[in-house]
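Take a look at the structure set out below.
The values are calculated or read from the model by the stated rules, or taken from the named source; none is laboratory data. Being a predicted model, the structure only gives us computed values, none of them experimental. We place every Cβ from the backbone using ideal geometry, glycine too, and count neighbours over all the protein chains shown.
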């Protein structure tokens with residue numbers, strides 16, 4: 001449940017590298033979402049509650065469950081911690097991100113986490 005959930009973020013200021021996200025109002029909304037974390041927690045809970053989901057999820061633009069991030073995309077991967085516990089890692093970026101590279105990177109990281117954490 002949410003009390004047991006820990007959300008860690010890093011690299012939020014990288015959004016300023018992308019002109020479509022660097023607009024003052026958009027950037028402020030995104031930074032707030034990173035800092036407040038409850039919207040990110042909702043996204044993670046939604047992904048975790050999907051029993052069918054054992055891999056990569058891609059949310060693009062209007063598919064985003066987080067309205068303040070509709071100008072972004074999120075790619076997430078669920079990994080196993082053992083003892084019936086799971087974690088989620090994700091990358092948030094512009095809608096024009098290199099999806100193939102991001103998905104491949106997350107798959108590799110997910111597999112490494114699964115291998116290390118299930119031991």
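Could you say whether any residue in the range 46-57 is part of a strand (DSSP E or B) and farther than 16 Å from residue 4 by Cβ?
Going through the range 46-57, the residues part of a strand (DSSP E or B) turn out to be 56-57.
If we keep only those that are farther than 16 Å from residue 4 by Cβ as well, we get 56-57.
Within the range 46-57, one or more residues are part of a strand (DSSP E or B) and farther than 16 Å from residue 4 by Cβ.
I'm trying to understand the selection: among the residues of the range 1-21, which are in contact with a helix residue (DSSP H, G or I) (Cβ under 6 Å, 6 or more places away or on another chain) and closer than 13 Å to residue 93 by Cβ?
12, 15, 16, 21
May I ask you to list the residues in the range 16-38 that are under 18 Å from residue 76 (Cβ atoms) and crowded, with 18+ Cβ neighbours inside 10 Å?
Passing the criteria: 30, 33, 34.
Within the range 20-42, can one find any residue that is in contact with a strand residue (DSSP E or B) (Cβ under 7 Å, 6 or more places away or on another chain) and not in a helix (DSSP H, G or I)?
No: zero hits.
Tell me, yes or no, whether the range 54-65 has at least one residue that is in contact with a helix residue (DSSP H, G or I) (Cβ under 9 Å, 6 or more places away or on another chain), exposed (fewer than 13 other Cβ atoms within 10 Å of the Cβ) and within 21 Å of residue 118 (Cβ to Cβ).
no
Checking residue 108 against (1) surrounded by 14 or more Cβ atoms within 10 Å (Cβ to Cβ); (2) assigned to a helix (DSSP H, G or I), which single condition isn't satisfied?
Checking residue 108 against (1) surrounded by 14 or more Cβ atoms within 10 Å (Cβ to Cβ); (2) assigned to a helix (DSSP H, G or I), the one that fails is (1).
If residue 92 satisfies every condition in (1) under 24 Å from residue 32 (Cα atoms); (2) in contact with a strand residue (DSSP E or B) (Cβ under 8 Å, 6 or more places away or on another chain); (3) surrounded by fewer than 16 Cβ atoms within 10 Å (Cβ to Cβ) but one, which is the exception?
Among (1) under 24 Å from residue 32 (Cα atoms); (2) in contact with a strand residue (DSSP E or B) (Cβ under 8 Å, 6 or more places away or on another chain); (3) surrounded by fewer than 16 Cβ atoms within 10 Å (Cβ to Cβ), the lone unmet condition for residue 92 is (3).
Answer yes if at least one residue in the range 78-94 is more than 14 Å from the chain's Cα centre (by Cα), under 19 Å from residue 113 (Cβ atoms), part of a helix (DSSP H, G or I) and free of Cβ contacts under 8 Å to residues at least 12 places away in the same chain, and no otherwise.
No, the range 78-94 contains no residue that is more than 14 Å from the chain's Cα centre (by Cα), under 19 Å from residue 113 (Cβ atoms), part of a helix (DSSP H, G or I) and free of Cβ contacts under 8 Å to residues at least 12 places away in the same chain.
With respect to residue 66, determine if the residue is at pLDDT 85 or above and either under 24 Å from residue 101 (Cβ atoms) or out of contact with any strand residue (DSSP E or B) (no Cβ under 8 Å at 6 or more places or on another chain) (or both).
Criteria not met by residue 66.
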